[in-house]
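Below you'll find the structure, written out as structure tokens, and then a few comments.
Nothing in this text is a laboratory measurement; each read-out follows from the coordinates by a stated rule. What you see is a predicted model; the values in this text were computed from it and never measured. Don't worry about glycine lacking a Cβ; one is built from the backbone with ideal geometry, like all the others, and counts go over all protein chains shown.
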Amino acid sequence: MLTMDQIYRIKNMRKFEGKSLRKISKITGHDFETVKKYVTKINFNYELRPKQRRQGKLSPYRDIVTTWLVKDQQAPHKQQHTARRVYDRLRELYGEAFDASERSVRKFVAGIREELQMNPKGFLPLEHPPGEAQADFGEARFIENGITYDGYYLNMSYPHSNGGHTQLFKSANQECLLEGMKAIFEHIGGVPTAIWFDNMSTAVRKVKEYGKRDLAQGFLRFMMHYGFQSNFCNPNSGHEKGSVENKVGYHRRNLFVPIPEFKELKEYNKELLLRCDRDMNRMHYKGHGRIEDLFREDKLECFKLPKVPFYVFLHEFAKADNYGKIKFDGRIYSTSPDMAGRQVTIKAGAYDIDLLDDDCRPIVRHRRLYGEEKEAMYWIPYLDLMSKRPTALKYSGLFNQLPGIMKEYLDQCDYERKKQSLKLLSRMTMTTGFDTAIEAFEEGIKLGARDPDSIWAVYCRLTTGTLPEPEVKLPNTVPELKKYTPNIKIYDELFVPGGLSS
């Protein structure tokens, strides 16, 4: 099986260099059928399989070590981090959780330093034909549902037209980068032929000599799926993508001042795309015409969207603790009591995180946590367990989520009635959802119901419109009765012209 880099080379030679399949086969040394297979392949979605994938021990520490080394560039040479100092600081910060060797840290630090190495050169004026784009993140504060986040917004600019689109996120991780690009592609109905990036770690694993780069596997998969070329600036050379650098500031001033406040981020991002469309109804800064007209030229050169959409997510595994909770990205998410001590498959997107069992069947979906958020608890899978331990209800987060009238009802229940009520709540939730179950309890309590059977009757009326009719079986000793049909015509004889007969 070919690597992603080998597949990318094959598709690049075919799509952008116009080489025949046999020529590619000869150059690469791969079998003709293999070349044909990957040239025609259009779906590069990651296929989720329940198999654990190993990651380097030092991967979780890349961001913090990079931050230290970037700050070193402003410090005197003798006060900069050595590899040994990096190793010592990581041990001080993470204690026993950090178990990498000093030798591996030296290699790790050398790799990051190589990425950050400055390479000053003269500026080159770059020409960007229609259909090309540039992408970069900016930082912006926003308020979602009353909570303040210091987030990021992905900017995509089109240098030919000076148009641009943006998407707001709570992080600048790879899932946010790819989700933002996907949303913009689908909104404009096409894919830019080439996109310029800086050497962001979500796209580039390593900057090598002569402009070569090792790309992150998720980014490479996304790039091949949509078929665009990626171009990367030289390290510390943001001027090479000046269009998007300017667009970052433009979007901040015109879209995020004052600080935006909204109910739900995903819906707000849809509105942002429409606002960016309306913003193109103005003249190009060089007087080349209206931006919206020039942007039509950009879209004419764009590639078509693939028939199969790309599903953006990060795939990892974790072991649930005794409470059925797992830890991901430094935060805690609940699963189900049944998953205690078992392996959970994590499918993390930009907005949500799905937790799956060993066979990749859904357990629960959470809103992905960012910022100061540390734990997500979804109580529904725990209802059945709670019905067996009703005294624990008042000390759980579920109790605080219940309406006041239901809290009062449960406080007045004795042990057995509380147990039956929670069992009923679990049963109704599994059938029609938590909100409907709560509605039935509230309605029943308002009508004076004080036992689970009466509340069940209210629930049946709300969900089916009628009460269930149990089948009644009669003993064999009861004689079978003939069906009697009354004859009401005899009453007609009582009526006579002029009134009733006497």
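A few comments on the model shown:
- Per-residue ellipticity at 222 nm from helix content only, as computed over the chain with -39500 (n - 2.57) for each DSSP H run of at least four residues, stands at -12000 deg cm²/dmol.
- Cut-off of 10 Å, at most 11 other beta carbons, DSSP loop: longest stretch of the chain lacking such chymotrypsin sites (Phe, Trp or Tyr not before Pro): 286-483
- Global form of the stretch 1-41, assessed from the alpha-carbon gyration tensor, a/c cut-off 1.5: rounded
- Restricting the stretch 326-383 to trypsin sites (Lys or Arg not before Pro) in coil, as DSSP defines it, with at most 15 other Cβ within 10 Å: Arg342, Lys374
- Distant alpha-carbon pairs in the stretch 314-378 (separation over 15 angstrom), percent: 41 percent
- Remark on Gly163: its backbone amide H falls under 5 Å from those of Tyr158, a criterion applied only to residues 5 or more positions apart or on other chains, H modelled at 1.01 Å from N.
- For the stretch 132-301: rounded, prolate or oblate by the Cα gyration tensor [a/c cutoff 1.5]: oblate
- Placed amide H near Leu215: partners under 5 Å, 5+ positions off or other chain: Arg205
- Remark: the chain carries a charge dipole of roughly 2100 debye about the Cα centre, counting +1 on each Lys and Arg Cβ and -1 on each Asp and Glu Cβ.
- Axis of helix 102-116 versus longest Cα principal axis of the chain: the two differ by about 70°, to the nearest ten degrees.
- Gap separating the Cα centres of the stretch 160-221 and the stretch 5-44, nearest whole Å: 23 Å
- Nonlocal amide H pairs with Tyr311, under 5 Å, H built at 1.01 Å: Tyr46
- Low-density loop cleavage sites - GluC sites (Glu not before Pro) in the stretch 363-403, where at most 11 other Cβ are within 10 Å (DSSP): Glu372
- Taking each of Lys11/Lys36; Lys182/Lys307; Lys23/Lys206; Lys325/Lys418 in turn, the alpha-carbon distance tops 18 angstrom for Lys23/Lys206; Lys325/Lys418.
- Between the helical axis of 452-464 and the longest alpha-carbon principal axis of the chain there is an angle of about 70 degrees.
- Relative to the dominant Cα principal axis of the chain, helix 62-72 is inclined by about 40°.
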